[in-house]
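Reading through the structure tokens given below for one structure.
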Amino acid sequence: MAYIHIKKLPMLEEIIQRNPLSDASREKILHDRQEIKNILAGLDHRLLMIVGPCSAWPREAVLEYAKRLVEVNEAVKHSLKIVMRMYIQKPRTTKGWTGPINQPDPYAEPDIEAGIHYAREMMIKVLEMGLPIADECLFTHNTRGFSELVSWFAIGARSSEDHEHRIFASAADCPVGMKNPTHGSIAIGVNSVVAAQHPHVAAIDRHAVQTLGNPHAHLVLRGSNQAPNYSLAHLEEVKNHMTAHQVKNPAVLMDVSHDNCLIDGKKNHRAQPGIIFEVMHYLKNRPDLRKLMKGFMIESYLKEGNQKLEACNASTIDLNGLSITDPCLGWDETKALLLTLANENLNHPG
């Protein structure tokens, strides 16, 4: 293998001992996972909302965002199930910063050991505030020490066709959203859900195992080929594929960022609220599709927009909640959206 050894990483037990999870938080995670499963199965009519920054960095701003989200959650929890997006690992189209778990200081050398402790400590603090958290499973070999903290996992558009990620989803204890691939095939997106819902024989930690299948694996529509896929026609296509495959607990989340918020070929983060309310409006007359549509994903942070790492340096970068990856909706707009949507769903729960 063509690599250079840098250092030996700490054992899982050391990672956990340094930042342990309280019994109360452990019980809360199990409770949150079950509530999300109930929403996906149609037993709970609240909307599932995965909301938070594109990437969970820096820690102080992430914790301030979580503090504000806790307050809003108290006002909307009767109608919305809020899960905070805490993506500690970032896929890149070609190259670039891959998240705080690999490089907690984007302007320093990558340091995976420091990143592991940085990310776990940050996630534990958010959990202790009482919020469930969501993460994307990018590096399946790095999930130990983190997967027990997460109430919802995403398998990204670049990973959902990969069989290793499908096996991970099949073995996961929590619900997993499988995104449609970047080239946009809804049929392949549903294939990923089918694969995740079924058992597989695989090698995990030097053991031959059979995964049990994840009956709460579901589809996430995120746009495709520089075009959106949140229309009625797209949802009807999803429904037809899921019916043909006899998918258990058929469910869709709508990611209103990424290619779903493109305007004239450019991402417009400000379009996210409008997309949500457009979808909610047309679903009022389609109860069959409203049963399929379980919630939304939003990219949101303290400040609106984003900044580019390569255009800043360690002394000029904004550390107060301005995204360093994709542009995000600002806090005031996010709060208004959640409060309005909670009332909308309360009046039309499906």
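Observations on the model:
- Residues of region 150-185 that turn out to be part of a helix (DSSP H, G or I), surrounded by 20 or more Cβ atoms within 10 Å (Cβ to Cβ) and not hydroxyl-bearing (Ser, Thr, Tyr), as a count: 6
- The listed residues are Ile36, Ile29, Ile4, and the only one of them that is in a loop (DSSP other than H, G, I, E, B) and either of a type in the set (A, V, I, L, M) or in contact with an Asp or Glu (Cβ under 8 Å, 6 or more places away or on another chain) (or both) turns out to be Ile4.
- Close Cβ contacts (under 7 Å, 6 or more residues apart or on different chains) running from residues in region 72-97 that are open to solvent by 50 Å² or more (accessible area, probe 1.4 Å) to residues that are at pLDDT 95 or above and outside any strand (DSSP E or B) comprise Ala75/Leu339.
- The listed residues are Leu283, Leu309, Leu322, Leu289, and the only one of them that is of a type in the set (A, V, I, L, M) and within 22 Å of Lys67 (Cα to Cα) turns out to be Leu322.
- As a summary of the residue check, Lys291 satisfies the conditions (1) of a type in the set (D, E, K, R); (2) in contact with a Cys (Cβ under 9 Å, 6 or more places away or on another chain); (3) surrounded by fewer than 18 Cβ atoms within 10 Å (Cβ to Cβ) except for the one numbered (2).
- Test: residue in region 128-143 that is in contact with a His (Cβ under 8 Å, 6 or more places away or on another chain), open to solvent by 10 Å² or more (accessible area, probe 1.4 Å) and more than 22 Å from Ala251 (Cβ to Cβ): yes
- Among the candidates Glu35, Glu14, the residue that is farther than 30 Å from Asp318 by Cα, at pLDDT below 95 and not hydrophobic (A, V, I, L, M, F, W, C) is uniquely Glu14.
- Exactly one residue out of Glu121, Glu60, Glu109 is over 21 Å from Phe153 (Cβ atoms) and in a helix (DSSP H, G or I), and it is Glu60.
The values are calculated or read from the model by the stated rules, or taken from the named source; none is laboratory data. It should be emphasised that the depicted structure is a prediction, and the values quoted were computed from it without experimental measurement. So basically every Cβ, Gly included, is an ideal-geometry build from the backbone, and we count neighbours across all protein chains shown. To get the accessible areas, we keep the full protein, side chains included, count just its heavy atoms, and leave off ligands, DNA and RNA. Shrake-Rupley method; radii C 1.70, N 1.55, O 1.52, S 1.80 Å.
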